[in-house]
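Here's the structure we're looking at; comments come further down.
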Amino acid sequence: MNARDQVLITPGGLARLIESGEPLRILDVRWRLDAPDGRPAYLDGHLPGAVYVSLEDDLSDHTVAGRGRHPLPSGATLQNALRRWGVRQDEPIVVYDDWNRVGSARAWWVLTAAGLGTVRILDGGLAAWRSSGGELETGPVEPQPGNVTVAQQNLYAGAQPTLTAEQTSDVALFDARAPERYRGEIEPLDPVAGHIPGAENLPFATLLAADGTFVTDARLPPDGAIGTYCGSGVTATVVVAALAAAGRQVALYPGSWSEWCSDPARPVARGDD
């Protein structure tokens, strides 16, 4: 299996998996900046058998201080959530969303960081599924409890490479936010505008085609250690997933700009670096 197929699955591939009747867990991870609670949309229509996952409640731990706006959950918390979603040991997982692959990329990153082996993102998300003729169901799905075990209890040092604030200078660093936020012209979410000195801008949306699928000709950074960040460690996971699909490993700075700018002693760059 090539690198792209290890990270992504097409609607046709997912349809064949569903039809085969083999064990499979589908997770609906709808989240967007202007609608962080995706459950109402999920209830209106979701993939057959899909279980709703809250990025805010299940893939983040807001009780953690000093780690940015979306701190990573602990392994124990994530394990409880996975079992609630009905995930069983060694069961393949497909994650999807309806906005720029953000929710599904965050879920893919968190679950693989926790040590789960077969997790793939539905390429193109809900729109691609519908365009392929895939059917939807309404209402909640309440599965039987799962039995999966999370081996990695600390996702900041889990199976996916991460960076601390101090380590961001050790890699070729890419800022996944929109250019105007990178340059510090606007900052709608954090108290300080700008970017980490030395970081280049690689907006996550540039790694998606017009139909929401991951591009096959992603801009690949030069060889060597690569890191990425965004506002709070969410949209940057799209960059990690896109480059993983191209065969490149990228370390995530989970706290991202929201953690970096919370310390007034850290330097801030503005404009094009």
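The values are calculated or read from the model by the stated rules, or taken from the named source; none is laboratory data. Note that the coordinates shown come from a computational prediction; the quantities given were computed from them, not determined experimentally. No Cβ is skipped: glycine too gets one built from the backbone with ideal geometry, and neighbour counts run over all protein chains shown. These area figures cover heavy atoms from the full protein model, side chains too; ligands, DNA and RNA do not enter into them. Shrake-Rupley method; radii C 1.70, N 1.55, O 1.52, S 1.80 Å.
Tell me, yes or no, whether the range 83-91 has at least one residue that is under 21 Å from S232 (Cα atoms) and either open to solvent by less than 10 Å² (accessible area, probe 1.4 Å) or not hydrophobic (A, V, I, L, M, F, W, C) (or both).
Restricting attention to the range 83-91, the residues satisfying the condition of being under 21 Å from S232 (Cα atoms) are none.
Looking through the range 83-91, none of the residues is under 21 Å from S232 (Cα atoms) and either open to solvent by less than 10 Å² (accessible area, probe 1.4 Å) or not hydrophobic (A, V, I, L, M, F, W, C) (or both).
I need a count of the residues in the range 100-122 that are over 15 Å from T10 (Cβ atoms), in a helix (DSSP H, G or I) and open to solvent by less than 10 Å² (accessible area, probe 1.4 Å).
Of all residues in the range 100-122, those over 15 Å from T10 (Cβ atoms) come to 100, 102-103, 105-119.
Still in the list and also in a helix (DSSP H, G or I): 102-103, 105-113.
Then keep just the ones that are open to solvent by less than 10 Å² (accessible area, probe 1.4 Å); that gives 102-103, 105-107, 109-111, 113.
Here the count works out to 9.
Among (1) closer than 17 Å to G125 by Cα; (2) open to solvent by less than 30 Å² (accessible area, probe 1.4 Å); (3) among the hydrophobic types (A, V, I, L, M, F, W, C), there is one condition L17 misses while meeting the rest; what is its number?
Just one mismatch for L17, condition (2).
Among what's in the range 123-164 and is in contact with a helix residue (DSSP H, G or I) (Cβ under 6 Å, 6 or more places away or on another chain) and assigned to a helix (DSSP H, G or I), pick the residue that is nearest to A193 (Cα to Cα).
The extreme case among them is L155.
Taking P48 as the residue in question, decide whether it is under 14 Å from P92 (Cα atoms), open to solvent by 30 Å² or more (accessible area, probe 1.4 Å) and either free of Cβ contacts under 8 Å to residues at least 12 places away in the same chain or not in a helix (DSSP H, G or I) (or both). First the steps, then the outcome.
Working: under 14 Å from P92 (Cα atoms): no; open to solvent by 30 Å² or more (accessible area, probe 1.4 Å): yes; either free of Cβ contacts under 8 Å to residues at least 12 places away in the same chain or not in a helix (DSSP H, G or I) (or both): yes.
Answer is no for this residue.
Check whether at least one residue in the range 203-216 is in a loop (DSSP other than H, G, I, E, B), acidic (D, E), in contact (Cβ under 8 Å) with a residue 40 or more places away in the chain and touching a Lys or Arg at 6+ places or on another chain (Cβ under 8 Å), and report yes or no.
no
Identify, from the list P221, P188, P254, the residue that is open to solvent by 40 Å² or more (accessible area, probe 1.4 Å) and either in contact with a Pro (Cβ under 9 Å, 6 or more places away or on another chain) or assigned to a loop (DSSP other than H, G, I, E, B) (or both).
Within the list P221, P188, P254, the selection yields P188.
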